[in-house]
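FYI, it's all coordinate maths here, none of it is from the lab. As the structure is a computational prediction, the values presented were derived from the model and not from experiment. Ideal geometry is used to build each Cβ from the backbone, glycine not excepted, and the neighbour counts take in all protein chains shown.
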Amino acid sequence: MIWYVATLIASVFSTRGTAAQGAHGVREEPRFLTARAGESVILGCDVSPPLDGQQPPYVVEWFKFGVPIPFFISFRFHPPHVDPEYTGRASLHGKASLQIDPVRSEDQGWYECRVLMLEQQYNTFHNGSWVQLTVNGESLRPKWQPIPYVVHDGSLTVLGITRDDRGAYTCRAFSDQGEVLHTTRLLVQGPPYIKSPPENITVNISQNARFTCQAEAYPGNLTYTWFWEEDNVYFTKNDLKNRVRILIDGTLHIFRVKPEDAGKYTCSPSNSLGTPPSASAHLSVQYPARVLNMPSIIYVPRKLPGVIRCPADANPPVISVKWEKDGYPLRVEKYPGWSQAPDGSIRVAEATEDSLGTYTCMPYNTLGTMGQSDPATLVLKDPPYFNVRPGGEYRQEAGRELVIPCAASGDPEIPTITWRKVGKPSKSKHNILPSGSLQFLSLSKEDHGEWECVATNVVTSITASTRLLVIGTSPHAPGNIRVLPSVTSANVSWEPGYDGGFEQTFSVWYGPVLKKENFGPHDWHSMPVSGSQTWLVVPGLEPRTEYQFSVLAQNKLGTGPFSEVVTVNTVVSPLSTPEPQVLLTPPRCLTANRTQHGVLLTWLPPANHSSPVDRYIMEFRLGERWEVLDDLISAAETELMARDLVQSWYEFRVMAVMDDLISESNPFPPTEVTEEGLALPVVAGVVATICFLAAAVLFSTLAACFVNKQHQRKLKRKPGMLALLFTSVSFLLFFLWSWL
């Protein structure tokens, strides 16, 4: 757009006003106010007192220039009438001043205050004033931008004129005798401006399409040019040029739309000033599914997987394809290893003689189909095969010549052999010999990598791979760079590239994305990596900062290229928030008592626990190792009967389990397990039994003594008596031990 600096001089050609009557017909000088959007502003309007000193009732009206009716009317104690645009923002301040809070950018303009005195002999406004309000918005005009208008001696100067400055300007002159107004129009000369750009449209095939494009400019000698993609619509290579028309208002008509008409259309209006603007839109054409360029012969490799394709075209996309073989519907499920892909093509696992025949396809979309394809005959042919395959790996020094052999044959024609490098293409000079071999006249670092020999005939292509290692170069760039950031550090890892035939070392380079005062625009920190390790922790980083990382490899011949640059953000420093306290104290007051049925263990639940107790675990020991007595004691139980404990003393402990947390134990000290009191009848029976046995032993001893006195000599009687006494006492003790 062409910019101008213009001076607009407004002259007075017409007058409009009424002479004031009386001494009070004097208007105040206009006031100029400037406010910022969102602030409060007061538009001043004074009411002059009457000559007799008594203030009659009056009506206050506020007008905005260009609007014929007042937007604010106030009369004494009645609620004021306020235009909807000012509702809630305009109110009376003092006698007749108007307060606007908050002020908006669209409030800018000239305002007139009129005060109508009632109960007067003349019907004239003798009070009031004009106020020009200028509203500045920070988002629209920065503080440093100069004011675009300057008024001096009745002339208005527009600085840095733009298209937005065009329009009507009104000059108002006033005196004690009245006022005059004059309006003039500013026209900004320059290139066209597109006020109504074209929009994307979608039509069906054979319908008409219409793009609108409206522009304005001064001078207004506009001409419109339309382009399809990059070509003028009147000079396209297809028949589109015969079906288009551009109207005088810029509208483009396309008659009987075809699928080939789809694409981008660009409107460019011009008036021979400056650079013409442009605006684009896309045309989408919908049509039923159709078949394009069905081949008359379909070649499929013998005893290898093959594909029978239907070259369909549709908008909306194809949803189904129906096939026929030899004039009959093809049922794919009847052929082992055959399947139909989502795009409608038929995949054959192994092509045999059963695959031979004539095929036709008919694609469908939501709009239907344009018909069946031309018939295509399926022909089986042998795929190519390699006579000479390249070796698995080749090593050669840089600058040397290298030939990698590859040869293939086929029936009946000889296949075409090409070579390609996997991944990044090689920019060095290499040739393919007539035999199919790959020749390097002078190996370079870029030749390093994996190469494929591709043999192609009308049926299919086959490949053979080899790896070329170029020795005697600087290292290749490391790959697969991974950076795991933390708050003040980052763990950088990578996969080494080819070392060029020599031992290589690494260094990690890093720097913040936003450069700091002590950090140059191209300065990066570097850290060497010890040994052959493929990772490094970079310390000393700042939290919540964006950093870039790269890895550099070097050997005795020099440094290789930098790896890819990885950008990460360090982690935000976590706030020191206390973790919720998990509390679980041991069970209390563990006791043990022997009963007739076993040892009864009792305890009390933990005194403090932040969650409900899930279960209890009871353990015991006789020596150093603890044994589990029961680890599934319900949380509702606080006692356990331990059976089959025959020793006289045990050590027990019980633990509580809560949310996979086991409390500390409060072990019961090693103690001889006490017996509970026995029933009185049982005690009486035991005492009676002991007394009876004692009396029996005594009676037996006396009887033995009497018999021995009568029949044995004195020397033989003493040992017998002692033996009998020892036998009786032993029998009594054995009986008592067994009973207990």
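Worth a mention:
- Cα-based Rg of region 588-672 normalised by 2.2 N^0.38 Å, two decimals: 1.07
- Efficiency of FRET between Ser428 and Glu393 - r from beta-carbon atoms, R0 22 angstrom, step 0.05: 0.70
- One decimal place: the segment Arg36-Trp626 gains 204.0 nm when fully extended, by the rule 0.36 nm per residue minus the C-alpha distance.
- Residues with amide H under 5 Å from that of Thr369, placed H, sequence gap 5 or more: Ala289
- Taking each of Lys241/Lys264; Lys195/Lys237; Lys381/Lys427; Lys237/Lys258; Lys445/Lys556; Lys303/Lys334 in turn, the alpha-carbon distance tops 25 angstrom for Lys195/Lys237; Lys381/Lys427.
- Reported to the nearest whole Å, the Cα centre-to-centre distance from region 354-385 to region 410-459 is 33.
- Here each label is just a point 7 Å from Cα along the line to Cβ, and for Asp411 and Leu604 those points are 9.9 nm apart.
- Counted charge near Lys64, where neighbours are those whose Cβ lies closer than 10 Å (Asp, Glu -1; Lys, Arg +1): -4
- Computed lengthening from Val379 to Ala635, 0.36 nm per intervening residue step minus Cα-Cα distance: 84.1 nm
- Taking 0.36 nm per residue of sequence separation and removing the Cα-Cα distance, the Asn204/Thr463 pair yields an extension gain of 88.7 nm.
- Using a Förster distance of 25 Å, the FRET efficiency for Asp46-Thr162 (Cβ separation, nearest 0.05): 0.05
- Summarising the amide proton neighbourhood of Tyr650: residues at separation of 5 or more, or on other chains, whose placed amide H is nearer than 5 Å comprise Thr671, Val673.
- Cα centroid separation, region 185-261 to region 471-513 (Å): 55 Å
- Using a simple spin-label model with pseudo-atoms 7 Å out from Cα toward Cβ, Leu661 and Thr170 lie 8.0 nm apart.
- Residue-wise HN-Hα coupling along region 551-558, computed from phi with Karplus coefficients 6.51, -1.76, 1.60 (Hz; x: Gly, Pro): 10, 10, 10, 8, 10, 6, 8, x
- Estimated vicinal HN-Hα couplings, Hz - region 353-364 in sequence order (Karplus 6.51, -1.76, 1.60; Gly, Pro = x): 5, 5, 7, 5, x, 10, 10, 9, 10, 9, x, 9
- Listed residues Ala312, Leu367, Pro336: farthest to the positive end of the dipole of region 292-381 (Cβ charges): Pro336
- Two-site FRET efficiency, Val571 against Lys264, from Cβ-Cβ distance with R₀ of 35 Å, rounded to 0.05: 0.15
- Sequence-distant residues sharing a close amide H with Ser155 (under 5 Å, placed H): none
- In angstrom, the C-alpha Rg and Dmax of region 302-423 are 20.7, 64.
- Under 12 Å from a label point set 7 Å out along the Cα-to-Cβ vector of Thr559, the amide N atoms of region 472-506 belong to 506.
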